[in-house]
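Novice: Just dropping this structure here.
The values are calculated or read from the model by the stated rules, or taken from the named source; none is laboratory data. Please read these numbers as outputs of a predicted model, since none were measured by experiment. Don't worry about glycine lacking a Cβ; one is built from the backbone with ideal geometry, like all the others, and counts go over all protein chains shown. Note: accessible area is taken over every heavy atom of the protein model, side chains too, but ligands, DNA and RNA are not part of it. Shrake-Rupley method; radii C 1.70, N 1.55, O 1.52, S 1.80 Å.
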Amino acid sequence: MRGKRSKQYRKLMEKFSFSFDFRQPYQVLLDAAIIQDSARCKMRLGAMLEGTLHGEIKPMITQCCIRHLYTAPATTDDEKRAKEGWIDVAKAAERRRCGHHELEQPLSALECLMSVVDPRGSGSNKHRYVVATQDLEVRRKMREVAGVPLVYINRSVMILEPMAEKTEKVREADEKGKIRAGLKGGRPASSSALKRKRDDDHHDEDVGLDGDGDMPDRARAIVAAEKKTGGAAGGGGRGRAEPAAKKQRKVKGEKGPNPLSMKKTKMTKEQQQQQQQHKSSATREVEDERSTVRKAAKTDPQAAGKAVDAVAAADGDAGDGLTEGPRKRKRKRKPTTGGQSGDGDGGGGEGAVAGASVEVVAKS
């Protein structure tokens, strides 16, 4: 079977399933002619029907149709062997009682199949049969019954007929009724839903707000707590809290462009000059402070150390708090030479202090 035709058949059977409640396994009524043609074309009838209908099938044959196979003429040996094959295929199918076995002569395929599919002449396929027949008159008559899928063989190809006109009208009317019922506020509840709702109401009454039912202690305590909370909040009998008021949505203004995707505004010449002046003034101040520190280091090393700490603290404040505090001064070490006197040591210490302070100033 080609892919396009197979897809059409699958969609067609889905329509029958949704609109007329067809379910697997599909009940397929066979007549004598389609069994004979499938044997002549060397087709496996059951497998071909399952592939065409896209699901499991239950082949069925009426008593009149199987009598047609038994009474078929067979003179040659080949015809007799073919007739045995037809009867074996018919025996593999389920026997559908039509009630015509008491008659001396079987009814025609048209009369027998019509009495099975639509016995009361209501124009509906009550038992959801799929009819597989080669008789043109049977197919024409079955198109007048709503919801009957028709299958036949054409040149060793199994064909599933599209929906008949009457079937399409019934399906469209059903769809319109569903839409109309939905617009009016929903379909009426089914009897099972109503029964389930009544059972729930009776259960609530038995369990009760009075707590007389056979409830465990914990459940009784929960019901009592719900009653208290409901009474405190002024709620109903079940103690349900009132739903919170809906939050009002904020009215948002017009959305502007993404600032990250925009070009940066170019500075004017005046702004550039002001920025350069600001930078030059800041550098001048730093140079002035450093020059004062150098002069102080030459005269007084301790004053130079204090000035260095002040400069470091100022730099830390200017750096937006990146530095935690003033820098620590290096420890002064006494010279290790032992040949010098106390005065010499003192002089050496002063020289070392002056040298260390000059190094600190240079590094800063």
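Novice: Can you find, within segment 16-46, the residue that is nearest to residue 96 (Cα to Cα) among those that are assigned to a loop (DSSP other than H, G, I, E, B) and open to solvent by 50 Å² or more (accessible area, probe 1.4 Å)?
Specialist: The qualifying residue nearest to residue 96 (Cα to Cα) is 25.
Let's see how each residue does on (1) farther than 23 Å from residue 58 by Cα; (2) in contact with a Leu (Cβ under 7 Å, 6 or more places away or on another chain); (3) of a type in the set (Lys, Arg); (4) at pLDDT below 95:
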position	(1), (2), (3), (4)
97	no, no, yes, yes
103	yes, no, no, yes
109	no, no, no, yes
118	no, no, no, yes
145	no, no, no, yes
151	no, yes, no, no
155	yes, no, yes, yes
169	yes, no, yes, yes
172	yes, no, no, yes
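Novice: Sticking with this structure for a sec: Anything in segment 160-175 that is among the aliphatic types (A, V, I, L, M) and without any contact (Cβ under 8 Å) to a residue 60 or more places away in the chain? List them, or say none.
Specialist: 164, 173
Novice: Moving on to the next point. Between 89, 130, which is closer than 26 Å to residue 12 by Cβ, part of a helix (DSSP H, G or I) and touching a Leu at 6+ places or on another chain (Cβ under 8 Å)?
Specialist: After ruling out the rest, the residue left standing is 89.
Novice: I'd like to know if segment 94-117 contains one or more residues that are of a type in the set (Val, Ile, Thr) and out of contact with any strand residue (DSSP E or B) (no Cβ under 7 Å at 6 or more places or on another chain).
Specialist: no
Novice: Anything in segment 118-149 that is more than 21 Å from residue 37 (Cβ to Cβ) and surrounded by fewer than 20 Cβ atoms within 10 Å (Cβ to Cβ)? List them, or say none.
Specialist: Listed by number, the residues that qualify are 119, 120, 121, 122, 123, 124, 126, 127, 128, 144.
Novice: Does residue 82 satisfy the criteria of being assigned to a loop (DSSP other than H, G, I, E, B) and either open to solvent by 30 Å² or more (accessible area, probe 1.4 Å) or closer than 16 Å to residue 39 by Cα (or both)?
Specialist: no
Novice: So residue 112 clears everything in (1) buried (at least 21 other Cβ atoms within 10 Å of the Cβ); (2) within 48 Å of the chain's Cα centre (by Cα); (3) not in a strand (DSSP E or B) except one condition, right? Which one?
Specialist: Only one criterion in (1) buried (at least 21 other Cβ atoms within 10 Å of the Cβ); (2) within 48 Å of the chain's Cα centre (by Cα); (3) not in a strand (DSSP E or B) is unmet by residue 112, namely (2).
Novice: Could you say whether any residue in segment 1-15 is modelled with pLDDT under 95, open to solvent by less than 40 Å² (accessible area, probe 1.4 Å) and in contact with a Lys or Arg (Cβ under 9 Å, 6 or more places away or on another chain)?
Specialist: The answer is no; no qualifying residue exists.
Novice: Could you tell me how many of the residues in segment 150-177 are among the basic types (Lys, Arg) and surrounded by 11 or more Cβ atoms within 10 Å (Cβ to Cβ)?
Specialist: 3
Novice: Right, next: Are any residues in segment 82-125 in contact with a helix residue (DSSP H, G or I) (Cβ under 6 Å, 6 or more places away or on another chain) and of a type in the set (Val, Ile, Thr), and if so, which ones?
Specialist: Those that are in contact with a helix residue (DSSP H, G or I) (Cβ under 6 Å, 6 or more places away or on another chain) and of a type in the set (Val, Ile, Thr): 87, 89.
Novice: Among the residues of segment 54-66, are any in a strand (DSSP E or B), under 51 Å from the mean Cα position of the chain (by Cα) and surrounded by fewer than 16 Cβ atoms within 10 Å (Cβ to Cβ)?
Specialist: yes
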